Amino acid sequence: LQHALRASRTRRVPSGQIILYEGDTPQEVFILKSGIVKLYDIDDQGSEKILHLVKPPAVIPFAFFSGMHDPLHWFYTTLTDCELYVVPATELKDMTHADSNLAEILTNHFSDDVHELLVRLNSLSKTNTQDKVIAVLRFLMARHATERRAGWWRVNFPINHQLIADLCGITRESTSIVMKEFLDKKITRVPKLATLEINRKRLELL
């Protein structure tokens, strides 16, 4: 991927910056080189509804794979400090046609993201608050965590109860109650501020 994009310019974006707005019709696409970007909508009350969290080498926006004919439906914002490759959409399309390896890398990653997105959207239909939090913890462990020791997995970016709540579509207060239960049962632990570790075996038993 780095070889294929070696001539592309890069852009560093600090955390909390909007990369693309809902309704935009961009002519450029971004390929995530490092960091995490969140996709979200804003409801009528002004609250964020996080749809997904993407990691390298995600192509932003997802609409690139469908031709980018319509205005974007979601916001894309950096959750952490990020570095992005910036490529004109037409140029990246030509590159993927000419380089089958590049096309395979990007489409395979996109396929994984779509799968996880569908799993997450299905989990939002659950009525039980604990089940919603469990689904988010499984997503974080599967896509955004690194194995540590003795079955513990650490989420690779700072995380708090509000972010988990936004991923679940529930209140922060409800999330805090469930996370306190999981902490007491040693399903999760917080070795330091804004760091979350998940015990895989104990989570799978729920």
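Before moving on, here are some points about what is shown:
- Structural descriptor for the chain: relative contact order 20 percent, calculated from alpha carbon pairs under 8 angstrom and at least 6 residues apart.
- Which listed pairs, of K132/K185; K49/K132; K126/K201; K55/K126; K180/K201; K38/K185, have C-alpha distances above 24 Å, in listed order: K55/K126; K38/K185
- Cα-Cα P(r), the chain, percent of pairs per 10 Å interval: 8, 33, 34, 19, 6, 0
- Amide hydrogen proximity for L51: with H placed 1.01 Å from N in the peptide plane, the residues at 5 or more positions away or on another chain lying under 5 Å are L39, Y40, D41.
- Rounded to whole numbers, the Karplus 3J(HN,Hα) couplings from phi for the stretch 79-88 are 8, 10, 4, 10, 10, 10, 7, 10, 9, x Hz, using 6.51 cos²θ - 1.76 cosθ + 1.60 with θ = phi - 60°, and x at Gly and Pro.
- Sorting T96, T10, T175 by solvent-accessible area of protein heavy atoms yields T10, T96, T175, largest first, with a 1.4 Å probe.
- Computed magnitude of the charge dipole of the stretch 157-206 (debye, nearest 20; Cβ of K, R +1, Cβ of D, E -1): 260 debye
- Proximity of backbone amide H atoms, modeled 1.01 Å from N, is registered between E28 and A89 at under 5 Å, excluding neighbours fewer than 5 places apart on the same chain.
- Burial ranking of peptide ranges 76-82, 182-188 (average Cβ count within 10 Å, highest at the top): 76-82, 182-188
- Comparing M95, V136, L39 along the charge dipole axis of the chain, the residue lying farthest to the positive side is V136, per the Cβ-charge model.
- Estimated FRET transfer efficiency when R0 is 25 angstrom, pair E147-Q27 (beta carbons, to 0.05): 0.05
- The length gained on full extension between S125 and T195, counted as 0.36 nm times the residue separation minus their Cα-Cα distance, comes to 22.4 nm.
- Temperature 20 °C, viscosity 1.002 mPa s: under these conditions the Stokes-Einstein estimate for the stretch 1-76, based on its Kirkwood radius over C-alpha pairs, is 159 µm² per second.
- For the stretch 113-196, accessible area per residue (1.4 Å probe, heavy atoms of protein chains only), Å²: 54 Å²
- Residue ranking by accessible heavy-atom surface, 1.4 Å probe, largest first, among M179, M95 comes out as M95, M179.
- Put F110, F30 in order of accessible area, highest first, and with a 1.4 Å probe you get F110, F30.
- Summarising the label geometry, the points placed 7 Å from Cα in the beta-carbon direction at L205 and E83 lie 4.2 nm from one another.
The values are calculated or read from the model by the stated rules, or taken from the named source; none is laboratory data. In this text, all values refer to a predicted model and were calculated from it rather than measured experimentally. Cβ sites come from the backbone with ideal geometry, for glycine too, and all protein chains shown count toward neighbours. In case anyone asks, the SASA skips ligands and DNA or RNA and just uses the protein heavy atoms, side chains included. Shrake-Rupley method; radii C 1.70, N 1.55, O 1.52, S 1.80 Å.
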